[in-house]
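Novice: My structure is below; once you've seen it, I'll send some questions.
The values are calculated or read from the model by the stated rules, or taken from the named source; none is laboratory data. None of these values were measured; they are calculated from a predicted model. As a convention, Cβ positions derive from the backbone with ideal geometry for all residues, glycine included, and neighbour counts pool all protein chains shown.
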Amino acid sequence: MHELGRRIVGGELRPGDVLPREELLAEQMNVSRTALREAMKVLSAKGLVESRTKVGTRVRDPRYWHQLDADVLAWRCALMPTEDFVQKLAEMREIIEPSAAAAAARRGSEEQLKRLEAAYAAMDAAQTLDAWAEADLDFHEALLSATNNELMISLFSVIETALGTFFVLSARTVKNFKYSLPHHRKVLDAVRRRQPEAARRAMQRMIADSSAPTNKTRRHVEKG
């Protein structure tokens, strides 16, 4: 299932392509026909393929793919996201995270605030890019949890892989991977002070900076 999923998402198998007959494909992949059928059921549920009588199993157009499915996102990230995909992810963050920051400032509990503070402290103490990316992801997860909105919390579990990849790619573009720490501090301070609109604006600035086409803004943050 994962092998076929990666081939489809990666473009090796293109929309409209008809997969080989079941017995031939099972032989090529060195799996049983039963295992292949189960894989096809999963891929069909994810919107990647469809089976038609007298036609066979065909790859579907990307507009039918469940783009927020955890496996689909993981396959895209494993293949190194294109600039277009990264930009689309940034646009999704612009819609979700500023509102999440505002909601966390309104409804976050003291325990949730402590978790957010701990994630920020881990970011500040990080000595490697991997440690930074892990702490960064924890910060954003803690923020969404502090909204006490189960729909937002569930959404994080779906986009976690993509966000983690985004944070690593963003941090790699600058000499100092902690360039965005001041932005995180402003979000944390606004949530701590129970200032929803300040938290919203701070998150908007953080996202805008992370998706900026140049490092001009980031150098400014490092200096300021």
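Novice: Checking Arg6 against (1) exposed (fewer than 14 other Cβ atoms within 10 Å of the Cβ); (2) of a type in the set (Lys, Arg); (3) under 23 Å from the mean Cα position of the chain (by Cα), which single condition isn't satisfied?
Specialist: The failed condition is (1).
Novice: Then there's this: As an exercise: evaluate Asp130 against (1) surrounded by fewer than 16 Cβ atoms within 10 Å (Cβ to Cβ); (2) not assigned by TED's automatic domain parsing to the domain that holds Leu163 and give the number of the one condition it does not meet.
Specialist: With (1) surrounded by fewer than 16 Cβ atoms within 10 Å (Cβ to Cβ); (2) not assigned by TED's automatic domain parsing to the domain that holds Leu163 applied to Asp130, the lone miss is (2).
Novice: If a residue counts only when it is under 25 Å from Thr165 (Cα atoms) and at pLDDT 95 or above, which helices (runs of 4 or more DSSP H) contained entirely in the stretch 1-114 have at least 1 such residues?
Specialist: Once the helices (runs of 4 or more DSSP H) in the stretch 1-114 are filtered for at least 1 residues that are under 25 Å from Thr165 (Cα atoms) and at pLDDT 95 or above, what remains is 2-9, 33-45, 83-107.
Novice: Continuing with this model, one more query. Which condition breaks for Glu117 when tested against (1) surrounded by fewer than 16 Cβ atoms within 10 Å (Cβ to Cβ); (2) within 23 Å of Val72 (Cα to Cα); (3) not polar (S, T, N, Q)?
Specialist: (2)
Novice: On to the next question. Let me confirm something: among Leu13, Leu68, Leu19, which residue is within 21 Å of the chain's Cα centre (by Cα) and touching a residue at least 40 places away in the same chain (Cβ under 8 Å)?
Specialist: Going through Leu13, Leu68, Leu19 in turn, the sole match is Leu68.
Novice: Take the residues in the stretch 146-168 that are within 21 Å of Gln67 (Cβ to Cβ) and more than 12 Å from the chain's Cα centre (by Cα), then tell me which one is modelled with the lowest pLDDT.
Specialist: Once the filter is applied, the top-ranked residue is Ser154.
Novice: Cβ-Cβ below 7 Å, separation at least six or inter-chain, first residue in the stretch 84-99 and more than 15 Å from Ser145 (Cα to Cα), second surrounded by 18 or more Cβ atoms within 10 Å (Cβ to Cβ) and among the hydrophobic types (A, V, I, L, M, F, W, C): which pairs?
Specialist: Taking only residues 6 or more apart or on different chains, the pairs are Val86/Phe166; Leu89/Ala162; Leu89/Phe166; Ala90/Ile207; Arg93/Ile207; Glu94/Ile207.
Novice: Being surrounded by 14 or more Cβ atoms within 10 Å (Cβ to Cβ), out of contact with any helix residue (DSSP H, G or I) (no Cβ under 7 Å at 6 or more places or on another chain) and aliphatic (A, V, I, L, M), is that true of even one residue in the stretch 80-90?
Specialist: no
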